[in-house]
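Before any comments, here is the structure.
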Amino acid sequence: MSIIKLLPDSVANQIAAGEVVQRPSSVVKELLENSVDSGAKTIKLIIKDAGKTLIHVLDDGIGMNKDDLKKCFFRHTTSKIRNSKDLYSLKTMGFRGEALSSIASVSHMSIISNQDNNKSLGYEIKLEGGEEKLFNEVISLKGTSISVKNLFFNIPARRNFLKSDNVELKHIIDEFHRISLINHEINFIFINNNNELFNLSKSIFKERIIRVFGNSSKQKLIPINEETDLAKIKGYVFKPEYSRKTRSAQFFFVNDRFIKNSHLNHAVKTAFDGLIKEKLYPSYFLKINVPLNSIDVNIHPNKTEIKFDNDQSIYAILKSSIKHSLGQFNIAPTIDFENNINLNTPYSYRNKEASIPKVDYNQAFNPFDNLTKPIDLKTKDFEIINTKDFVKTDQFKNELEILKTNSFPSFQLKSKYIITKTSAGILIINQKRAHQRILYENFLKDLSNKINPVQTLLFPIKLDFNSEEIRMLKLLEAPLVHLGFKFNNFGSDNIEISGIHPFLNQKNINDLFQDFLRNKDYNQDNAVHTLNDLIAKLLSKYSSISSNENINVKLQESLVNDLFACKDPNVSPFGKLIFKLISLDEIIKIF
Ligand code: ADP
Ligand code: MG
């Protein structure tokens, strides 16, 4: 008996769905791309609960007639290619005819479409798990409206696998960025849970970047322009000093399609060599146009990877055009005084003499005085660190007593280490890490205090972010306010800070917020940090003394005392060794 059977369509579609639809953002991508392909002038995206409850895309494009509406959700039905030759001259985003069938098979889908400008009647089809449940004539404008509800309703394992709304929304916003940036001639509206996240009107590329990434991007952009027979490259990079700690602003659009390509990314990175610090990523928005027949977009079901015929040449062209533009910019840097926050003087201060900043906290307050009492901390706030390689704290209790009773014999080495002796040997302490540990435990304690001191800033600091970044930072607002931060404004594309915790150096505020964004996994289900833990860690990082700072003997003494009053004096908040004891035995062995 033959055991090989053709799979029923419903099963085949569900298998295909696994490739095409991984999460709500995949649905958003496919529906937006279909709307772009339809020639729409305006596309509206409405989602509820990060797409888990609803994803609705409306466009004013070409629409579908009755017959096409009845066909569009079958597998391999497409209006975009007819034969295999067409694959090499693709201008559309879609072509596989897999998206609608895949999405329909794992959701409740409704499509309303009207192809005729002169009639206000269109058709509606309702599907459940890919099966037609209803077909109706309805009143509709020209264009298409597709709503997808209850995604993965029939695959509970997939539904349960979805991440928190914040994480899923972040993926959707990423897709939205990719599609709205390159299709800047289309109006886009994006609404999440009745909140308008983006309202982008038709514009040139540069303006779209600024609208998506915030007004401050205007002064960051350096234009790139290169035309060769092999490729045309047009777009922008951020000036090197605005490089980010994440890859969130890296976009290649090859023939108007967002793509990922590590080889090309490497070309940009090497063009920035020597201009940006390690661990920072250049930001770029680059349109690369190559002859249609010189790429193969057919190598990945999601079509975000492509193959170039002449990889090496494109690499070289890209690298040299960016190097060239960066070079030009270096020769004639443009300083935009109007937008430089440090030079912005509030009007009421213009005619005043400079005065000493007013600080409304106890001037006699010594950060090192504060930690003599044991601190009540919950262990869950700490990362679990394997401490077996480190000396146990108990061993030091006795030594500490000796230190306390004697005058404090200590000195600094290279403005970096504090060296002191104990009866067990010589103790070498990394001063910066020690201070970070003390501050970290202190901040964690402050987070549970009722009131904390505020240091008012004479000139508020304004930081610009895009709406997605603001959304992430909003989560930090309450705990930061609790820690003594004052925000004049937490707007849609900037925040204005008028007060900070007294330990914090205002020079570091920007870096601190960039670091928050870099560590934005605090927001995810599988986050390494809890929110409070992350805040305490990063504040300790930006408030601590540096590893190149002279501190007097009195402060050295406080530092050591406070360190050993900590819950875990062995390692810094970032898991790094704080001190090392060279025991008498070891010293004896040397000789
Ligand atoms: P593909 O985009 O690869 O062709 P899809 O499954 O995404 O496959 O869509 C199938 C077909 O349905 C498309 O080829 C197109 O003809 C039609 N279609 C889908 N969405 C729209 C839309 N928003 N407007 C007009 N036609 C659409
Ligand atoms: Mg499609």
(request) Would you rank ASP60, ASP446 by solvent-accessible area, highest first, keeping every protein chain in place and using a 1.4 Å probe? (result) ASP60, ASP446
(request) Amide H neighbours of VAL138 under 5 Å, at least 5 residues apart or on other chains, H built in the peptide plane: list them. (result) GLY122, TYR123, GLU124
(request) Report, by chain and number, residues whose modeled amide H sits under 5 Å from the one on ASN494, excluding near sequence neighbours (fewer than 5 apart, same chain). (result) PHE465
(request) Report, in debye and to the nearest 20, how large the dipole of the range 21-103 comes out about its Cα centre when Lys and Arg carry +1 and Asp and Glu carry -1 on their Cβ. (result) 140
(message) If packing is taken as the average count of other Cβ atoms within 10 Å, what order do 146-152, 411-417, 576-582, 3-9 fall into, highest mean first?
(response) 146-152, 576-582, 411-417, 3-9
(message) Need one value: the accessible area of LYS66 in square angstrom, 1.4 angstrom probe, rounded to the nearest 10.
(response) 100
(request) May I ask which residue of ASN187, SER217, LEU200 lies farthest towards the positive end of the charge dipole of the range 105-241, with charges of +1 (Lys, Arg) and -1 (Asp, Glu) on Cβ and the Cα centre as origin? (result) SER217
(request) Quantify, in whole percent, the carbon and sulfur part of the accessible surface of the range 88-187 (1.4 Å probe; protein heavy atoms only). (result) 47
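Direction-averaged shadow area of the convex hull around the Cα atoms of the range 98-169, nm²?
Projected area, direction-averaged: 5.8 nm².
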(message) Around MET64, under 10 Å between beta carbons, what's the net of Lys plus Arg minus Asp minus Glu among the other residues?
(response) +1
(message) What does the net charge come to around TYR417 if you take all other residues with beta carbon closer than 13 Å to its beta carbon, with K and R at +1 and D and E at -1?
(response) +4
(request) Enumerate the calculated ³J(HN,Hα) couplings along the range 458-465 in order (Karplus 6.51 cos²θ - 1.76 cosθ + 1.60, θ = phi - 60°), each rounded to whole Hz, writing x wherever the residue is Gly or Pro. (result) 5, 10, x, 9, 10, 10, 9, 9
(request) Using the Karplus curve 6.51 cos²θ - 1.76 cosθ + 1.60 with θ = phi - 60°, work out ³J(HN,Hα) for each residue of the range 44-52 in order, rounded to whole Hz, and write x for Gly and Pro. (result) 10, 10, 10, 10, 10, 6, 6, x, 6
(request) At 1.4 Å probe size, with every protein chain present, just tell me what the per residue accessible area of the range 62-140 comes to in Å². (result) 55
(request) For the range 166-182, take each phi angle, set θ = phi - 60°, evaluate the Karplus expression 6.51 cos²θ - 1.76 cosθ + 1.60, and give the result in whole Hz per residue in order, putting x for glycine and proline. (result) 4, 5, 5, 5, 4, 4, 5, 5, 4, 5, 4, 4, 4, 7, 6, 5, 6
(request) Would you grab the residues whose amide H sits under 5 Å from the one on LYS567? Only those 5+ places off in sequence or on another chain, please, with H modelled 1.01 Å from N. (result) none
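The values are calculated or read from the model by the stated rules, or taken from the named source; none is laboratory data. Remember, predicted model here, so these are calculated numbers, not experimental data. With ideal geometry, Cβ positions are generated from the backbone for all residues, glycine too; neighbour counts draw on all protein chains shown. Surface accessibility is based on the protein's heavy atoms, side chains included, excluding ligands, DNA and RNA. Shrake-Rupley method; radii C 1.70, N 1.55, O 1.52, S 1.80 Å.
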